[in-house]
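Structure, as structure tokens:
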Amino acid sequence: MRVGVLTGGGDCPGLNAVIRAIVRKGVPGYGYEFVGFRDGWRGVLEGDTKPLDVSAVRGLLPRGGTILGSSRTNPFALDDGLARIRGTLADLGVDALIAIGGEDTLGVAATLHENGVQVVGVPKTIDNDLSGTDYTFGFDTAVNIATEAIDRLHTTAESHHRALIVEVMGRHAGWIALHAGMAGGANAILIPEVRFDIDQVCEWVESRFRLDYAPIIVVSEGAMPEEGDEVLMSGETDAFGHARLGGIGDWLGKEIERRTGKEARTTVLGHVQRGGTPTARDRWLATRFGLHAIDAVAAGNWGVMTALRGTDIVTVPLAEATKELKLVDPALYAEAAIFFG
Ligand code: F6P
């Protein structure tokens, strides 16, 4: 069997660990050959490949990014996308695909499956917003990076008696903000799922100053005030229709200064959260996802995604996993609120 592997969407730490595990089990364990497709679905549309054998995956476990490259190409945005994918697979003799990606990449995989393409998915995203799995790999690394940043910002905030705002990724889901904010002892955590009241945020800021502490506010890029919308970086959208978010941290900093008279500074963590080496936990999860993905291929278990449930790796239908995003439950958010202010 020839198996194609691709990584799509925003990169995240652990992608290379998945690729390594797939190949390290698939070659000796099942006698499979692999073809790496470059830059996600673009490589499949254009037949742009990279050799993928055991020697190509040596040393990959701790390496961030993806050796295959990534893109946000959406084949279904093209009239002939499906036909071109079928053509590439036939020309290269590729029998099955393993797609490693988030909601968009796996959404494409789900539609391909409905159209008879043999495909298995692996869930990745630092945002942890894919349904069907307790966690995606990459999330733990992002949370650790954000937590370290918050720890560092505490000391400088206190030296200067300033409010510090930390903007983290999370377009629709506030998982990174919630976990890193709780771990870092944030004064307020603002997430896309729950609109915030700017007067309340300023009150929390002032009460923290009264206690002689400097406030740290962790905000997801997609968080919104009660009155107002997402703050956009630009008017551009990608091939899946997502706008580029960014700027809520700056907006908050200005509002806090204007309303409280205290100095505020904003740090936008941005792609630092996605870069570099994965944590041990993400290496473990990514490796197990890779091993189970190639088992699913061997079992002919098509149209599924590997998923973590407790400590078990299971498979769930791609259609189910991509139907809706996994958002932060307001009850879980309420737990964190005890520390606000
Ligand atoms: O992959 C998800 C994500 O991390 C979002 O939280 C963020 O909005 C987006 O990627 C930004 O990605 P890029 O800058 O690569 O378009």
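The values are calculated or read from the model by the stated rules, or taken from the named source; none is laboratory data. These numbers come from a predicted model, not from an experiment. No Cβ is skipped: glycine too gets one built from the backbone with ideal geometry, and neighbour counts run over all protein chains shown. Remember, those area values only see protein heavy atoms, side chains included, never the ligands or the DNA or RNA. Shrake-Rupley method; radii C 1.70, N 1.55, O 1.52, S 1.80 Å.
Tabulated data
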| item | result |
| --- | --- |
| Within the range 13-90, trypsin sites (Lys or Arg not before Pro) in DSSP loop having at most 11 other beta-carbon neighbours inside 10 Å | R58 |
| Solvent-accessible area per residue for the range 1-88 (1.4 angstrom probe, square angstrom) | 39 |
| Charge dipole (debye, nearest 20) of the chain; +1 at Cβ of Lys and Arg, -1 at Cβ of Asp and Glu | 1220 |
| Expected 222 nm ellipticity per residue - DSSP helices of 4 or more, -39500 (n - 2.57), all of the chain, to 500 | -12000 deg cm²/dmol |
| Accessible area (Å², per residue) of the range 140-275, counting only protein heavy atoms and a probe of 1.4 Å | 45 |
| Antiparallel DSSP beta bridges within the chain, percent to nearest 5 | 25 |
| Positive-pole candidate from S131, L61, T73, dipole of the chain, charges at beta carbon | L61 |
| Charge context of V314, other residues only, Cβ under 14 angstrom, K/R +1, D/E -1 | -2 |
| Share of carbon and sulfur in the accessible heavy-atom surface of the chain [1.4 Å probe, %] | 49 |
| Cβ crowding within 10 Å averaged over residues, with 154-160, 253-259 ranked highest first | 253-259, 154-160 |
| Sum of side-chain charges, A96 neighbourhood, beta-carbon under 12 Å (Lys, Arg +1; Asp, Glu -1) | -1 |
| Top positive-direction residue, dipole computed over the chain with Cβ charges, set W41, S220, F339 | W41 |
| Lys/Arg +1, Asp/Glu -1 at C-beta; the chain dipole; positive extreme among M182, P330, G8 | G8 |
| Cα radius of gyration and Dmax for the range 170-211 (Å) | 11.3, 33 |
| Inverse of mean 1/r across different Cα pairs in the chain, Kirkwood, Å | 20.8 |
| Set of the range 68-82 residues, backbone N closer than 20 Å to the point 7 Å along the Cα-Cβ line of E114 | 73-82 |
| The chain: relative contact order as a whole-number percent, Cα under 8 Å and 6+ apart | 23 |
| Degrees separating the helix 198-210 axis from the principal Cα axis of the chain, which is the longest one | 60 |
| Rounded to 5, the percent of DSSP beta bridges in the range 140-275 classed as antiparallel | 10 |
| At 0.890 mPa s and 25 °C, Stokes D of the range 1-61 from Kirkwood alpha-carbon radius, µm² per second | 208 |
| Aspartates and glutamates whose Cα lies under 19 Å from that of K50, excluding same-chain neighbours fewer than 8 positions away | D11, E33, D39, D91, D95 |
| Environment charge of D295, counting only residues whose C-beta is closer than 12 Å and scoring Lys/Arg +1, Asp/Glu -1 | +2 |
| Contact order relative to length of the range 140-275, as percent, for alpha carbon pairs under 8 angstrom and 6 or more apart | 32 |
| Under 17 Å from K262, Cα to Cα: aspartates and glutamates that are on another chain or at least 8 residues apart | E158, D199, E203, E206, D212, D250 |
